[in-house]
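Remarks on the structure that follows.
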Amino acid sequence: MRPAIRNDHPIRGLFSGLVENAFFTELGFCEPRLTTYLCDLMVDFLHVDRLDVLRSAFGRSLEQMAALLALKHDVAPLSLEQRDRLMYRHIGDFTLFWAGIFPEHLRSRRSGDLLCAYVEQGKRSYAACARLSQDQDVPPPTLLNSLSEEFETCVHGLGLVRRSWQRAGGAEG
C-alpha cells in the first residue's frame, strides 16, 4: 500500500494554492469540491508507482492504461460495477492529468494529435463513472458529472497551474 501524502504536507499546500488561484482568480470558476479533487489528483500523480504505470502504459489504448492503473490501486473492487466505476474514473483522471498538464505530449508527431481524443474520452469516462455511482460514493456522482461537463475548463485550469509553477520555478513553458 503506497503511503498517502499528508493533508498538511507542503506539496499539497502548493498545489492547492496554484489550483485555487488558477480556477478562482484567473478563470472565475469557483467550485471548491472540484478544485479539491484536482489538487488531490495532482498529488496522487506524484507517486512513483503511478508514474511507472503511466510510463509503461504510454502508447497503449486508454482501456489498457486504465487496467494497468486499476491493478496498482490499493483496494480491489468488490463487484463488476465497482471495477467498471474504478476503471472509468482512472481513465478520466489519466486523460485529465495528461491533457491539462502535458498537452504537448499528446500533440507529438509520433502519436498524432491525441488531445481531442483524450478530452472526449475523459468526458465520457467521468460521465460513465457518475452513472455507476451512488450518492454515498467518493467521489459522489455530482462531482463526477461536474468533471465531465467542465472537462475543458479543468484542462485549461490545469494548464494555468502548470504555467504558474513553471514561472515560480524560473522555468520557461
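The values are calculated or read from the model by the stated rules, or taken from the named source; none is laboratory data. It should be emphasised that the depicted structure is a prediction, and the values quoted were computed from it without experimental measurement. Here Cβ is always computed from backbone atoms with ideal geometry, including for glycine, and neighbour counts include all displayed protein chains. With ligands, DNA and RNA removed, areas are computed over all heavy atoms of the protein, side chains included. Shrake-Rupley method; radii C 1.70, N 1.55, O 1.52, S 1.80 Å.
Of the residues 139, 77, the single one that is at pLDDT 85 or above and in a loop (DSSP other than H, G, I, E, B) is 139.
Figure legend. Inter-residue proximity from segment 10-24: first residues closer than 15 Å to residue 155 by Cα and acidic (Asp, Glu), second residues open to solvent by less than 40 Å² (accessible area, probe 1.4 Å) and in a helix (DSSP H, G or I), beta-carbon distance below 7 Å, spacing 6+ or different chains. Indicated pairs: 20/35. Among the residues of segment 36-49, at least one is surrounded by fewer than 16 Cβ atoms within 10 Å (Cβ to Cβ) and modelled with pLDDT of 90 or more. Of everything in segment 127-173 that is among the β-branched types (Val, Ile, Thr) and open to solvent by less than 60 Å² (accessible area, probe 1.4 Å), the residue that is nearest to residue 20 (Cα to Cα) is 161.
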